[in-house]
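Peer 1: The structure is given below, and queries will be raised subsequently.
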Amino acid sequence: MKKNILKSITYFLIITTLISCGSTPKREPQEPQIEQKTNTKRELKVLNSQNKQVEKTEPTEVDFYKDKIEGIIISSISAPKETSKNKAFSQPYSFKVTKNDNPVPNFQLSISYPESKKNDIVNFGLEVLTTDESGIVTFNAPIPKSTFNSFVKVYPDGNVTNSQIAELADKVSVSVPYKVKSNLLYSGGTISIVDFAQSGKPITNNSVSSSLLLMSLMKLRFTRIGNVDFSTEILNGDSAALYKAAKTLLGNNSSFLIYGTVKYESPITKDDSGKFSCTLIGKITCINMKDGAILYETEKKVSVSEDKDWNCLPKAREKLAEEFATSILYGI
């Protein structure tokens, strides 16, 4: 019986232990939770004044030129009067460079001056001069081998093939007249111009444009000049035949011949304001009567506006003649 009692007690303890283990859950050790972060990479820049390299931009030739001309003023001190072809100017050109009202010594200036030309197209020469202790340069222009109605331009020396530098140079440059008139004013000459009617037909007698050009040239002190009719040769467009006819008629009494045409480019019209206008276009050629060589050619266009229609043509012809005369004075 004791044996049964011990067995019962043993069973009871085992069952109690099992019930106790089943009702109390087993606690697993917990790992610390770590905050999940996205896998985005962020680049951190650490600024270190000792290690940071600063990129420096090298100054350009434009920058150097800007610094060079800052505050610079160029002024003309003296300039010669006009001369004649193959005759030296009466005096040199003089220019002064100042900055803050003080002279600038040892400053280089570019002197651009007319050197040669064909008709109305001028080619310029260039000379670089350095100012003296008074900030002054003196330019002795070469004896002109042609006629000119042009200018001398002075600017701080620099690479003006660079458009930016050329623009900067223009802002501080100074220009003065360079005039060389014809050396044929007293040599004698002949004029023959054919006028055209508004209809487009040539007027072969009594050229008004020839007479007006004659008077304009005389006002400019041309002497021993006159009008001759070579309308047939002019209208045929044969320059060799024209020269031959002129040489036969004039011999050695004329040193040059001026011939050409004057036509309407637009007829006389009335605008909304009630004024009348017209445009004429003229072409002339000047030849050397010694050998027939062309001395000068040009084409000009003039427009006028008048209150009366009958006044348009005379005013336009007069204006054209005056412009031709000036061009001839500085052209042949």
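Peer 1: Roughly speaking, to the nearest percent, how much of region 245-329's 1.4 Å accessible area is carbon and sulfur?
Peer 2: Working: 1980 of 4290 Å².
The C+S portion of the solvent-accessible surface of region 245-329 is 46 percent.
Peer 1: Something else: Through the Karplus equation 6.51 cos²θ - 1.76 cosθ + 1.60, θ set to phi - 60°, convert the phi angles of region 260-276 into ³J(HN,Hα) values in whole Hz; use x for Gly and Pro.
Peer 2: Coupling constants for region 260-276: x, 9, 10, 10, 6, 8, 9, x, 6, 10, 9, 9, 5, 7, x, 8, 10 Hz.
Peer 1: Short version: ³J(HN,Hα) in whole Hz for each residue of region 99-107, in order, from phi by Karplus 6.51 cos²θ - 1.76 cosθ + 1.60 (θ = phi - 60°), x for Gly and Pro, what are they?
Peer 2: These are the phi-based 3J(HN,Hα) values: 9, 6, 6, 10, x, 10, x, 6, 10 Hz.
Peer 1: With r defined as the distance between the Cβ atoms of TYR186 and THR232 and R0 fixed at 30 Å, what FRET efficiency is calculated, to the nearest 0.05? Write down the numbers at each step before the final one.
Peer 2: On the way: r = 30 Å, r/R0 = 1.01.
With R0 = 30 Å, the Cβ-Cβ based efficiency is 0.50.
Peer 1: Take peptides 221-232, 244-255 and line them up by average Cβ neighbours within 10 Å, highest first, as a rough protection proxy. Numbers along the way, then the final one.
Peer 2: Working: 221-232: 15.9, 244-255: 14.3.
Highest to lowest by the protection proxy: 221-232, 244-255.
Peer 1: Turning to a different aspect of this structure: Once amide H atoms are placed 1.01 Å from N in the peptide plane, what residues at a sequence separation of 5 or more from LYS117, or on another chain, have their amide H within under 5 Å of its amide H?
Peer 2: Sorted by chain and number, the residues that satisfy this are ASN123.
Peer 1: Normalise the Debye intensity by I(0) for region 83-146, one equal point scatterer per Cα, no solvent, then take log10 at q = 0.15 Å⁻¹ and round to two decimals.
Peer 2: With one equal scatterer per Cα and no solvent, log10 I(q)/I(0) is -0.56.
Peer 1: For the pairs LYS68/LYS99; LYS201/LYS247; LYS81/LYS319; LYS68/LYS171; LYS87/LYS153; LYS81/LYS171, flag any whose C-alpha to C-alpha distance is greater than 19 Å.
Peer 2: LYS201/LYS247; LYS81/LYS319; LYS87/LYS153; LYS81/LYS171
Peer 1: Let me ask something else. For region 318-332 and region 264-289, write down the distance between their C-alpha centroids in whole Å.
Peer 2: A separation of 15 Å, based on Cα centres.
Peer 1: What is the extension gain from ILE77 to GLN91, computed as 0.36 nm multiplied by their sequence separation minus the C-alpha to C-alpha distance, in nm to one decimal? Could you put the intermediate results ahead of the total?
Peer 2: Values: separation 14, 0.36 × 14 = 5.04 nm, distance 1.19 nm.
That works out to 3.8 nm of additional length.
Peer 1: How large, in percent, is the carbon and sulfur part of the accessible surface of region 103-190 at a probe radius of 1.4 Å? Let's see the in-between values first.
Peer 2: Values: 2090 of 4370 Å².
Percent of accessible area from carbon and sulfur atoms in region 103-190: 48.
Peer 1: I need the calculated FRET efficiency for the pair LYS66 and SER211, taking r as the beta carbon distance and R₀ as 45 Å, to the nearest 0.05.
Peer 2: Here the calculated transfer efficiency is 0.20.
Peer 1: Give me the number: length gained by fully extending LEU220 to ASP101, i.e. 0.36 nm times residue separation minus the C-alpha to C-alpha distance, one decimal in nm. Could the numbers behind the result be given before it?
Peer 2: Numbers: separation 119, 0.36 × 119 = 42.84 nm, distance 4.17 nm.
Using 0.36 nm per residue and subtracting the Cα-Cα distance, I get 38.7 nm.
Peer 1: Per residue, how much accessible area does region 176-332 have with a 1.4 Å probe, in Å²? Don't jump to the answer; show the numbers that get you there.
Peer 2: Numbers: 7930 Å² over 157 residues.
That works out to 51 Å² for each residue.
Peer 1: Further question on the same structure: Would you please give the residues with an amide H less than 5 Å from that of LEU295, counting only those at least 5 places away or on a separate chain, with H modeled from the backbone geometry?
Peer 2: Amide H neighbours of LEU295, under 5 Å, 5+ apart: CYS286, ILE287, ASN288.
Peer 1: Turning to a different aspect of this structure: Per residue of region 289-296, what does 6.51 cos²θ - 1.76 cosθ + 1.60 with θ = phi - 60° give for ³J(HN,Hα)? Whole Hz please, x for Gly and Pro, Karplus curve as stated.
Peer 2: Each residue's phi maps through the Karplus curve to give 6, 6, 9, x, 5, 6, 8, 6 Hz.
The values are calculated or read from the model by the stated rules, or taken from the named source; none is laboratory data. Keep in mind it's a predicted model, so treat the numbers as computed, not measured. Neighbour counts run over all protein chains shown; Cβ positions are idealised from the backbone, glycine included. Just so you know, the surface numbers come from the protein's heavy atoms only, side chains and all, with ligands and any DNA or RNA stripped out. Shrake-Rupley method; radii C 1.70, N 1.55, O 1.52, S 1.80 Å.
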